[in-house]
1. Apply the Karplus curve 6.51 cos²θ - 1.76 cosθ + 1.60, θ = phi - 60°, to the phi angles in segment 18-27 and return the couplings in whole Hz, x for Gly and Pro.
2. With +1 on the Cβ of every Lys and Arg and -1 on the Cβ of every Asp and Glu, and nothing else charged, how large is the dipole of the chain about its Cα centre, in debye rounded to the nearest 20?
3. Would you compute, from DSSP H runs of 4+ residues alone, the mean residue ellipticity of the chain at 222 nm, taking -39500 (n - 2.57) per run and dividing by the full residue count, rounded to the nearest 500?
4. Give me Leu104, Leu4 sorted ascending by neighbouring Cβ count inside 10 Å, so fewest comes first.
5. Taking neighbour counts of Cβ atoms within 10 Å as a proxy for exposure, in what order, fewest first, do Glu33, Glu94, Glu103 appear?
Amino acid sequence: MTSLLVQGAADLKPGEMKKFSISGTDILISNIEGIFYAIANTCTHMGGSLADGNLENGIVTCPRHGAQYDVKTGKCVGKLSFLLVKKFTDGVKEYPVEMKDGELYIKI
């Protein structure tokens, strides 16, 4: 696994999230109470960008059909707005995050 610097990610304030493209992969980085987390940005149901969704209490909601993911683990949580979604949403990939000298690194 290689650690890659994510320019600007350390500037996210608590409660904020943003999509970053790292080595050709879209990753959603979130700041939850001063701790950074990284998960795949694409909903497993129909490919919606999670960065376009809503972040509340560490849970991001996909804007397409309401699938919800814990930004700390990538696991699918909560009620799903579309019955068939559960079949497609076991979760999204979680990426290890490391802070060094005020900069954020993701292990890919």
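None of the figures in this text is laboratory data; all of them are computed from the coordinates on show. The model shown is predicted, which means the values in this text are computed figures rather than measured ones. Cβ atoms come from the backbone with ideal geometry, glycine included; neighbour counts cover every protein chain shown.
1. In residue order, the calculated couplings are 7, 8, 10, 9, 10, 6, x, 10, 7, 10 Hz.
2. Working: 12 positive and 12 negative charges, 92 e Å.
Result for the chain is approximately 440 debye, rounded to the nearest 20.
3. Values: 1 runs with 4 residues, N = 108.
Computed ellipticity for the chain at 222 nm equals -500 deg cm²/dmol.
4. On the way: Leu104 22, Leu4 16.
The most exposed by this proxy come first: Leu4, Leu104.
5. Numbers: Glu33 7, Glu94 17, Glu103 13.
By the 10 Å Cβ count, ascending: Glu33, Glu103, Glu94.
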